[in-house]
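In what follows, a single structure is set out as structure tokens and then discussed.
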Amino acid sequence: MDFSKILLVLKREYLTRAKSKSFILSTILTPLVLIGFGAFMIWIMTSESETEKSVGVYDNTGVLVENLIALDSVRYSNVSDLPLDTVKAMVLREDLDAYLLLEEQHIETNDNAELIYSGSGGLAFSSSVRSDIREVIQEERLSRANVSEEVKELFARRPGLDSRKLTAEGEAEDDKAGFMSGVGFVLGLLIFIGLFGYGAVLMRSVIEEKTNRIVEVITSSLKPIELLIGKVAGVCLLGFTQFTVWAIMYIGISMAAVPVAGLLMQDQISQMADTQEIEQAAAEAGFDPASLEVLSIDPMIFVYFFLFFVLGFFMYAALFAAVGSAVDSEQDTQQFMPILMVPLMGAYILNTRIMVDPDSTLAVVASIFPLTSPINMITRIATTDVPFWEIGLSLLTLFLSFFGVMWVSAKIYRVGILMYGKKASFGDFAKWIRQS
């Protein structure tokens with residue numbers, strides 16, 4: 001095997017695609033589109049409704065309506081003196097968006113109050129009214145039980161919880177489990193995107209060269225295995241180039257956005273602090289403005305990310321290239337794609353479970369099994385303290401699997417790349433592996 005020829009193939013594969021307009025545009029626009037989409041979703045979730053819905057309260061208890069109006073005088077109005085049919089007509093005429101029917105049993109028992117509206121009420125609207133009802137009914141029940149204001153305030157204060165992690169030195173440090181779980185999931189997602197996205201790029205490249213008969217000229221001067229390794233390495237380097245650019249853009253945008261976000265958060269907090277309810281909610285959530293400081297990430301995580309991405313990519317890319325060599329068009333790849341997609345999608349789905357319970361038996365097995373370990377192990381490493389022997393075993397099995405898959409793929413590639421006009425099957429794959 002001539003490594004100088006492999007290097008030439010790598011250089012050609014890398015430069016041809018790195019200079020293409022599609023690569024440049026996707027590299028620049030992808031993070032901007034994702035940031036814009038994320039900002040849009042945050043705006044949608046945090047923006048207030050343009051119109052406040054009006055609710056007429058038909059209160060047969062005589063005590064709840066005033067408390068509801070005290071909570072929100074814009075939303076709630078007292079319609080208890082009107083005939084119920086008149087109230088229904090007001091809702092149908094859209095003079096009211098809804099009316100709330102309250103009975104004595106709603107205080108004395110666990111029967112639910114009724115909210116009646118025309119059209120679509122909306123989940124947020126129903127949830128908000130439900131929260132208000134619970135608050136005023138609870139207040140009335142406590143009053144009827146002659147509970148003092150001091151006791152009410154005592155029970156209204158929910159105890160919080162500060163979780164800390166015990167280090168090997170015996171010191172307790174702030175727990176970053178939630179943040180690191182998110183980091184692990186994002187890194188696993190990046191590997192998933194890289195394995196599938198760039199694997200598909202490599203497969204299309206092989207199909208294109210095969211259908212254009214370019215490969216016949218190329219294989220006259222170098223071995224198919226040299227062509228395979230060079231193409232896989234070139235696309236792998238292309239992927240890392242794109243990831244590096246994205247990382248630099250993310251760091252730059254974050255450095256510019258954090259001060260702005262801090263000012264906005266301080267403004268929001270100063271406005272919220274005027275209300276006792278918001279202060280209590282913040283206390284219950286354990287919110288501390290100091291928690292907005294930059295959270296550090298162990299650099300070794302990125303070293304492991306590099307190792308698992310490279311080994312995982314070479315293994316999956318060899319499979320994608322083998323499939324591409326055995327077909328004449330992308331449509332013919334459909335019968336083989338489930339073999340490639342099932343373990344990738346399975347690993348991605350398992351990541352949601354690993355974030356919650358990274359030390360479970362399922363998480364350990366998935367992080368060592370070579371077809372899922374590139375995605376699942378990086379999530380475990382970021383989320384929990386993984387024993388070094390597990391990381392070593394995972395890398396070893398992935399390394400050995402990479403060589404085994406590359407050996408099998410090379411045998412398929414050697415025959416398939418020069419075969420035209422016939423749809424290959426799994427039986428053909430087995431025959432090519434035995435004959436080569």
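The values are calculated or read from the model by the stated rules, or taken from the named source; none is laboratory data. Being a predicted model, the structure only gives us computed values, none of them experimental. Because the Cβ atoms are built from the backbone with ideal geometry, glycine has one as well, and the counts that use them run over all protein chains shown.
Determine, yes or no, whether residue 423 is surrounded by fewer than 12 Cβ atoms within 10 Å (Cβ to Cβ), under 29 Å from residue 203 (Cβ atoms), assigned by TED's automatic domain parsing to the domain that holds residue 189 and of a type in the set (Lys, Arg).
Yes.
Would you point out which residue out of 409, 401, 373 is within 23 Å of residue 311 (Cβ to Cβ), at pLDDT 90 or above and over 23 Å from the mean Cα position of the chain (by Cα)?
Answer to the check: 401.
The residues listed here are 153, 216, 173; of these, the one that is at pLDDT below 70 and either part of a helix (DSSP H, G or I) or β-branched (Val, Ile, Thr) (or both) is 216. Flag not set for residue 102, criterion: in contact with a Ser or Thr (Cβ under 9 Å, 6 or more places away or on another chain) and in contact (Cβ under 8 Å) with a residue 60 or more places away in the chain.
The residue that is surrounded by the most Cβ atoms within 10 Å (Cβ to Cβ), counting only those in the stretch 325-348 that are β-branched (Val, Ile, Thr) and touching a residue at least 12 places away in the same chain (Cβ under 8 Å), is 327.
In the list 379, 384, which residue meets the criterion of being over 26 Å from residue 222 (Cβ atoms) and surrounded by fewer than 21 Cβ atoms within 10 Å (Cβ to Cβ)?
384
I'd like the residue in the stretch 341-363 that is in contact with a helix residue (DSSP H, G or I) (Cβ under 6 Å, 6 or more places away or on another chain) and assigned to a helix (DSSP H, G or I) and, out of all such residues, is farthest from residue 183 (Cα to Cα). Step by step, filter the stretch 341-363, then rank; the result is 344.
Listed here are the residues, each with its yes/no results for (1) over 30 Å from residue 193 (Cα atoms); (2) crowded, with 17+ Cβ neighbours inside 10 Å; (3) of a type outside the set (D, E, K, R); (4) in contact with a strand residue (DSSP E or B) (Cβ under 8 Å, 6 or more places away or on another chain).
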site	(1), (2), (3), (4)
2	yes, no, no, no
7	no, no, yes, no
21	no, no, no, no
24	no, no, yes, no
63	yes, no, yes, no
77	yes, no, yes, yes
98	yes, yes, yes, yes
106	yes, yes, yes, no
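Please determine, by comparing only the residues of the stretch 222-252 that are of a type in the set (Phe, Trp, Tyr) and at pLDDT 80 or above, which one is farthest from residue 5 (Cα to Cα). Among residues in the stretch 222-252 that are of a type in the set (Phe, Trp, Tyr) and at pLDDT 80 or above, the one farthest from residue 5 (Cα to Cα) is 246. The single residue among 389, 407 that is without any contact (Cβ under 8 Å) to a residue 40 or more places away in the chain, closer than 30 Å to residue 327 by Cβ, of a type in the set (Phe, Trp, Tyr) and out of contact with any helix residue (DSSP H, G or I) (no Cβ under 7 Å at 6 or more places or on another chain) turns out to be 407. Which of the residues that make up the stretch 324-340 are farther than 21 Å from residue 227 by Cα and either in contact with a Lys or Arg (Cβ under 7 Å, 6 or more places away or on another chain) or assigned to a loop (DSSP other than H, G, I, E, B) (or both)? Hits for the stretch 324-340 are 332, 334, 335, 336.
In the stretch 17-46, the residues that are closer than 16 Å to residue 247 by Cβ form Cβ pairs under 7 Å with partners that are among the polar types (S, T, N, Q), at six or more places apart or across chains, as follows: 27/242.
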